[in-house]
1. Taking the Cα atoms only, what angle lies between the long axis of helix 140-153 and the longest principal axis of the chain, rounded to 10 degrees?
2. How do 94, 149, 75 line up, fewest other C-beta atoms within 10 Å first?
3. Pairing the Cα long axis of helix 91-100 with the longest principal axis of the chain, what angle in degrees results, from 0 to 90 and rounded to the nearest 10?
4. Length gain on complete extension for the stretch residue 13 to residue 42, per 0.36 nm per residue less the alpha carbon to alpha carbon distance?
5. Any chance you could run the full-extension gain for residue 53 through residue 142? It's 0.36 nm times the residue separation minus the Cα-Cα distance, nm to one decimal.
6. Enter the angle in degrees (range 0 to 90, nearest 10) between the Cα long axis of helix 61-70 and the first principal axis of the Cα atoms of the chain, meaning the one along which they spread out most.
7. Counting other beta carbons within 10 Å of each residue's own, what order do 88, 143 fall into, fewest first?
8. Tell me, how many Å apart are the Cα centres for segment 84-135 and for segment 1-65?
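Nothing in this text is a laboratory measurement; each read-out follows from the coordinates by a stated rule. Here the structure is a predicted model, which means the values were calculated and not measured. When we count neighbours, we look across all protein chains shown, and the Cβ atoms used for this are built from the backbone with ideal geometry, even at glycine.
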């Protein structure tokens, strides 16, 4: 099921009409997304997105509506427009850009945005940066550092894309060292460290 199909089931009749018109507008004039993208929260709602699609878990309705608009950008405009939407957007708009990158024909063009998000201390942006696009495009050292940052920030590792495939001996070593330091200091180890380091899978956060 596509993002568009999912969001359709979450919209009122008026919100669906607005989004459909906005899609047509962006397809005809990509620059119009600059005003429509911020308006999506007000027009479509900001509540949780109801969906059975795993990759959409934790999304909001405005996330999905904004991603739909991103997919209407032509290939020759997508990198520039997405970069500006991220740069000038608020946290919710930045998160939608990060979540939408995997739906776009952007190649490595979105990687600087992922790297920027991972430098922030906003849990929403860090978590979104480690979605499908970040998992596919980050190199091994950057991915490991992102995972470790999630542990430090209390972001559940279960929501990180590609963890089972990308967990390597070095990431295991890093998380084991983190867990040992926590235990030595008499502090709890987050249980989801056990997703990478099995011996800590039975500990409580």
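1. 80 degrees
2. Working: 94 23, 149 18, 75 10.
By the 10 Å Cβ count, ascending, the order reads 75, 149, 94.
3. Helix 91-100 sits roughly 90 degrees off the main axis of the chain.
4. 9.0 nm
5. Numbers: separation 89, 0.36 × 89 = 32.04 nm, distance 2.70 nm.
Going from the current span to full extension adds 29.3 nm.
6. 70 degrees
7. Arranged by neighbour count, lowest to highest, 88, 143 become 88, 143.
8. Measuring centre to centre over Cα atoms gives 17 Å.
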